[in-house]
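Chemist: I am attaching a structure below and will ask some questions about it afterwards.
The values are calculated or read from the model by the stated rules, or taken from the named source; none is laboratory data. The shown structure was predicted, so the numbers you read here are calculated from the model rather than taken from an experiment. FYI the Cβ positions are ideal-geometry reconstructions off the backbone, even for glycines, and counts take in every protein chain you see. What goes into the accessible areas is simple: the full protein's heavy atoms, side chains included, and nothing from ligands, DNA or RNA. Shrake-Rupley method; radii C 1.70, N 1.55, O 1.52, S 1.80 Å.
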Amino acid sequence: MSEDCIFCQIVAGEIPSRTVYETDDVLAFLDANPLAPGHTLVIPKAHHEHVQDMPNDLASDVFAAMQRLVDPIESAVDADGSTVAFNNGEAAGQEVPHTHGHVVPRFEDDGSRPIHSIFGERPDLDDDELDDIAATIADGAE
Ligand code: 5GP
Ligand code: ZN
């Protein structure tokens, strides 16, 4: 547990939350300031700041919980779809430094937009640059 982490305090029961799903390693609860009815956060109980900091098994557990929750969340609020996403790192807008997945119900007429809409101008990358980037990522992922 990280002492001044809000989500660790929720896991410890020191801050109340509306829990919707729980395992030994994962907790899911309603977002206190929802972007849509049913907006749910899914977290590892152990404190890890970023997605990539979680051990593999735990990351799988978090994703499995998110996947399991999508249908119940959408049904509960009669949604037409959902945005399933992580803000990963401060630069990406992560405000709580305890990694958490968002499941945000979406509605045909909600006026909100896809994840693509959060990005501004797109980079103009030529084939060589794309090849280099792909090769560098592939090396790092080995
Ligand atoms: P982030 O911007 O870090 O991806 O999202 C943090 C989310 O946590 C926000 O949607 C915010 O509403 C939610 N949040 C912040 N503090 C609390 C809290 O104490 N309880 C709950 N349930 N959600 C919180
Ligand atoms: Zn924490």
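Chemist: Out of 38, 93, 81, 89, I need the residue that is under 22 Å from residue 118 (Cα atoms) and touching a Lys or Arg at 6+ places or on another chain (Cβ under 6 Å). Which one?
Modeler: 81
Every residue, every condition in (1) within 15 Å of ligand 2 (Cβ to nearest atom); (2) closer than 16 Å to residue 28 by Cα; (3) assigned to a loop (DSSP other than H, G, I, E, B); (4) open to solvent by 70 Å² or more (accessible area, probe 1.4 Å), yes or no:
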residue: 57; (1), (2), (3), (4): no, no, no, yes
residue: 66; (1), (2), (3), (4): no, yes, no, no
residue: 102; (1), (2), (3), (4): no, yes, no, no
residue: 109; (1), (2), (3), (4): no, no, yes, yes
residue: 139; (1), (2), (3), (4): no, no, no, yes
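Chemist: Counting only residues that are touching an Asp or Glu at 6+ places or on another chain (Cβ under 8 Å), give me the strands (runs of 3 or more DSSP E) lying completely in segment 1-54 with at least 2 of them.
Modeler: Counting at least 2 such residues, we get 26-30, 40-44.
Chemist: A further question follows. Does residue 14 satisfy being surrounded by fewer than 16 Cβ atoms within 10 Å (Cβ to Cβ), among the charged types (D, E, K, R), modelled with pLDDT of 95 or more and within 16 Å of ligand 2 (Cβ to nearest atom)?
Modeler: Answer is yes for this residue.
Chemist: Take residue 62 and decide whether it is within 13 Å of residue 102 (Cα to Cα), within 16 Å of ligand 2 (Cβ to nearest atom) and assigned to a helix (DSSP H, G or I).
Modeler: Answer is yes for this residue.
Chemist: Test residue 128 against the stated conditions and say whether it is at positive phi, open to solvent by 50 Å² or more (accessible area, probe 1.4 Å) and at pLDDT 95 or above.
Modeler: No: the conditions fail for residue 128.
Chemist: Can you tell me which of 118, 73, 133, 137 is under 30 Å from residue 4 (Cβ atoms) and at pLDDT 95 or above?
Modeler: Of 118, 73, 133, 137, the one residue that is under 30 Å from residue 4 (Cβ atoms) and at pLDDT 95 or above is 73.
Chemist: Something else about it: Restricting attention to segment 26-45, and to residues there that are buried (at least 17 other Cβ atoms within 10 Å of the Cβ) and free of Cβ contacts under 8 Å to residues at least 40 places away in the same chain, which single residue is nearest to ligand 1 (Cβ to nearest atom)?
Modeler: This residue is 29.
Chemist: Take the conditions modelled with pLDDT under 95, hydrophobic (A, V, I, L, M, F, W, C) and either open to solvent by less than 40 Å² (accessible area, probe 1.4 Å) or within 13 Å of ligand 2 (Cβ to nearest atom) (or both) and apply them to residue 1. Does it pass?
Modeler: For residue 1, the condition - modelled with pLDDT under 95, hydrophobic (A, V, I, L, M, F, W, C) and either open to solvent by less than 40 Å² (accessible area, probe 1.4 Å) or within 13 Å of ligand 2 (Cβ to nearest atom) (or both) - is met.
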